[in-house]
1. Which value, in debye to the nearest 20, gives the size of the charge dipole of the chain about its Cα centre, when Lys and Arg are +1 and Asp and Glu are -1 at the Cβ?
2. For the chain, what is the calculated [θ] at 222 nm in deg cm²/dmol (nearest 500), taking -39500 (n - 2.57) for each run of four or more DSSP H residues and dividing by its residue count?
3. How compact is the stretch 304-350 by the rule of thumb for globular proteins, expressed as Cα Rg over 2.2 N^0.38 Å?
4. Using the Cα centre as the reference, give the magnitude of the dipole from point charges on the C-beta atoms of the stretch 106-241 (Lys, Arg: +1; Asp, Glu: -1; all else neutral), rounded to the nearest 20 debye.
5. Spelling out what I want: for every residue of the stretch 453-469, take phi, set θ = phi - 60°, compute 6.51 cos²θ - 1.76 cosθ + 1.60 (Karplus), and round to whole Hz; glycine and proline get x.
6. Using a 1.4 angstrom probe on the protein heavy atoms only, could you order Y75, Y50 from most to least accessible area?
7. What is the distance in Å between the Cα centres of the stretch 433-481 and the stretch 63-116?
8. Using amide H atoms built 1.01 Å from N in the peptide plane, name the residues 5+ places from E191, or on other chains, whose amide H lies under 5 Å from its own.
Amino acid sequence: MTTRSLGHRAPLLWLALPLMAGIAAGKTGTLAPVGWLLGGAAVLAAAGIYAAWRAPRWWALPLSVALFLTGNASYGLHRARLPAWDALPPREVRVVLRVDRVFTQTDPKKISGLATVVRADSPVDEIPGQRLYFSLALRRGEIAPVRSALVSASGVMVTLPRNPPSDTFDGYLAGAGMNFRLTRGRILREEKPPSAYRRFCARMAQRFSEILGAGVIGKRPELVAVFRAMMLGQQGELSAEQDQLFMQSGTMHMFSISGLHIAVIAAGLQALLALVRLPRIARFATGLAALWLYVDITGTAPSAVRAFLMVAALQSCFLLRVPGNPLAALSASAVAVLLVDPMQLFSASFQMSYGIVAALILLGLPLADAWSERGKLFVLLPKPAWRWHHHATERAWRQLLPAAAIGVAATLVSAVSGVLFFQLFTPGALLANLAMIPAASLVIIAGFVSLLCGLTGCEAWTALFNHAAILLLAVIEALVRGFVKVPGMWFAARFAAPWIGTLWFVLLLAALLFGYAQHWRKKRGGFWPPFVVVVLALIFGVKFG
């Protein structure tokens, strides 16, 4: 397979790459005023279209540069930071906020989240339209605002650093396109109530939380917190010890709503709709609508939205009876996300989730095929002569090899990204995930059935599946605790500078793309280049301890 055939199989990949490069370049400064960038991009895009008609060999270059300029301009538009803000001291302000996202809180006297400034008083009257992080105190008996509500609030507004370290909370906020934090604040009054749909979502989120705790909340509240984190994205309920435990084992992704969760929920919805014999189109539309409602009720986490877009792309292939292309679905999802919110490119969640899924597609699946072909068992024994234990062993081996190959591919990405974002190197994550992911999938299935039973009034069945999930989680937690105590399962590690880790991360993705484009041929290095990149990164780029 050549680079040309790679582009033929996933043309959106070549739209995503220059777009991401332009957005990343914007972090160091836009190349020109936004209007000039967009005008140049329009001219080059027209030139690319003309070249595709008259000179097909040259269409890609102007279109790629146009996308690069578009990404650069998009960063400037979404960050929208004025140089004068760098010198602003913390100040008391009164603002009207539209609540966009609410974070899970264990303290009922506080609320925090993300919001958009609708109006502001005169000292900061240039910030309407800016998104910010807020942390507000609630008075006794005061109900926390819901998404889409407009609230008047006062507090101390602090300007975020222009480029804070990516491993800090300020780095997360700046990576999301924010320039301010509103802290030590309080709600003055509600200017406009939330929409009926958002109130419905808030009620359902509360109802889901109650269902998942039915029959078990009084017995194992710490495991119910993990259960709710997995099913509802309520990671704020996890204790500091649980956070550290799952980070050190490399299994934290299982305890937040991500691709695994959305895929399992989507499969459950399709199985349920198939039982009622809905037509294909109705099943597709109903399934996606229900899946999006689940994503929206659980807070519309960016990772869940990205997974939803990938599932929608793949299910569209099945509906239209065209061959599914996971790489094209991944690229389409990335382009859609970045066009709507280019600042997601700088989030650890975006980079890790897309990096790991890309590794699974580019390396994991080809490596699984190669291992399955080379690792056949009992080749000297005719199959009619096999006994039952031969068949059982061969069947288990055929399932283990792909799982191991996919785990190795994911571990390569997490080896670099884990050090970059969490200052942890977790070589034991491969073994931990091979053991935990099947069990976590069963927990998600049990949670899905529990929610269905709870919504239909089958309380006894709800309690039964909740107990099954909590039992599985108890086993998972015990195994994780055992893993992190084994010497060599994890190490404290960091890159000397964040840009060094980013550089190695980009080199790893480039090695994956190159190997896939070359069909992992031996004369081009076979499967070894990505492994070499990771080893070199650990030797020359990482400081342990």
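The values are calculated or read from the model by the stated rules, or taken from the named source; none is laboratory data. Since the model is a prediction, treat every value here as computed from it, not as a measurement. Cβ placement follows ideal geometry from the backbone for every residue including glycine, while neighbour counts extend to all protein chains displayed. Only protein heavy atoms, including side chains, enter the accessible area calculation; ligands, DNA and RNA are left aside. Shrake-Rupley method; radii C 1.70, N 1.55, O 1.52, S 1.80 Å.
1. Magnitude of the dipole: close to 920 debye.
2. -20000 deg cm²/dmol
3. Its radius of gyration relative to the 2.2 N^0.38 Å reference: 1.21.
4. In total the dipole reaches around 500 debye.
5. 5, x, 6, 9, x, 8, 5, 5, 5, 4, 4, 4, 6, 5, 5, 4, 5
6. Greatest to least solvent exposure: Y50, Y75.
7. 37
8. Those qualifying (amide H under 5 Å, at least 5 residues apart or on another chain) are L150, V151, S152.
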